[in-house]
1. So how much accessible area does HIS152 have, in Å² to the nearest 10, using a 1.4 Å probe?
2. Taking Rh as the Kirkwood radius computed over C-alpha pairs, what is the Stokes-Einstein D of segment 39-128 at 25 °C in a medium of viscosity 0.890 mPa s, expressed in µm² per second?
3. Roughly how tilted is helix 78-90, in degrees to the nearest 10 and between 0 and 90, from the longest Cα axis of the chain?
4. Please name which of THR212, ALA237, ILE97 has its Cα lying farthest along the dipole of the chain towards the positive end, using unit charges on Cβ (Lys, Arg +1; Asp, Glu -1) and the Cα centre as origin.
5. Placing unit charges on C-beta atoms (Lys and Arg positive, Asp and Glu negative, everything else neutral), compute the dipole magnitude of the chain about its Cα centre in debye, rounded to 20.
6. Between the helical axis of 128-139 and the dominant principal axis of the chain, each derived from Cα atoms, what acute angle in degrees is found, rounded to the nearest 10?
7. Please list, in order along segment 225-238, the HN-Hα scalar couplings obtained from phi with the Karplus expression 6.51 cos²θ - 1.76 cosθ + 1.60 (θ = phi - 60°), rounded to whole Hz, x for Gly and Pro.
8. Contact order normalised by length for the chain, with contacts defined as Cα pairs under 8 Å and 6 or more residues apart; what percent is it?
Amino acid sequence: MRYAILSDIHGNLEALQAVLARTARLGADMVVCLGDLVGYNADPNECVDIIRSDGIICIMGNHDEAACGLAEPYGFNPAAREAALWTRTVLTLEHQIFLRELPRYLLIDNIVLCHGSINDTSRYILDDADVRDNLSLMDGLPGGPRACFYGHTHVRAACHAEGQVIAKEPGDEISLHRDRKYLINPGAVGQPRDGDPRAAFLLYDSHARNVTLYRTEYDIAACQSKILSAGLPAGLAERLSVGR
Ligand code: ZN
């Protein structure tokens with residue numbers, strides 16, 4: 001099974017469409033999303049429409065949680081908070097209900113999918129302690145999944161208990177060894193923060209046990225002009241040009 005794994009779409013319709021066109025051309029069997037369908041950018045309804053109509057399996061992100069009213073955006077920076085509250089006002093009731101019902105994590109095909117950490121939607125996986133905590137949480141899950149795919153940082157990453165996996169460039173492949181457990185982040189579709197403005201995602205082949213990283217160009221200017229027309233903070237548009 002070849003899974004296309006996306007994360008952090010954040011209401012960026014142009015990036016989502018570009019990524020889904022690419023995953024279709026690559027022949028992905030199934031698309032899954034690690035959360036944050038909405039927030040920051042100006043097309044939350046359109047993005048949730050696509051996710052629902054395509055039957056894409058999703059996890060709840062912290063911005064989804066804020067947009068559907070399950071949590072208040074207290075820990076958000078001012079621009080993120082403004083966008084979260086704006087999203088809440090424009091998101092249809094039906095989409096809010098959809099977001100409310102998303103799972104916090106999901107086990108499929110001996111992998112676990114989550115947004116921030118396995119046991120905390122808002123907690124980042126950043127340092128060695130976070131890695132250790134999540135690897136041990138994996139041991140406690142049914143079947144003892146061998147890989148965890150997560151998002152939330154908007155920066156692609158791959159590591160196991162002994163350290164980082166070196167895979168930096170689009171097209172790089174990571175072979176997953178049977179005797180190791182991995183934590184892997186595809187990067188963000190809708191607001192990359194690693195200095196590369198192109199939308200990020202990955203393909204995971206569960207049979208070949210490998211992961212391939214991808215980047216895709218999209219119409220950044222179109223997304224930016226919608227952010228400005230919606231009256232959202234200009235910084236949210238500007239950051240898309242630089243991938244920060
Ligand atoms: Zn996010």
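1. 10
2. Result for D is 178 µm²/s.
3. 70
4. THR212
5. Once rounded to the nearest 20, the dipole reads 220 debye.
6. Roughly 70 degrees between the two axes.
7. Rounded to whole hertz, the list is 5, 5, 4, 5, 4, 6, x, 7, x, 4, x, 5, 6, 4.
8. 24
The values are calculated or read from the model by the stated rules, or taken from the named source; none is laboratory data. What you see is a predicted model; the values in this text were computed from it and never measured. Note that we place each Cβ from the backbone using ideal geometry, even for glycine, and neighbour counts take in every protein chain shown. In case anyone asks, the SASA skips ligands and DNA or RNA and just uses the protein heavy atoms, side chains included. Shrake-Rupley method; radii C 1.70, N 1.55, O 1.52, S 1.80 Å.
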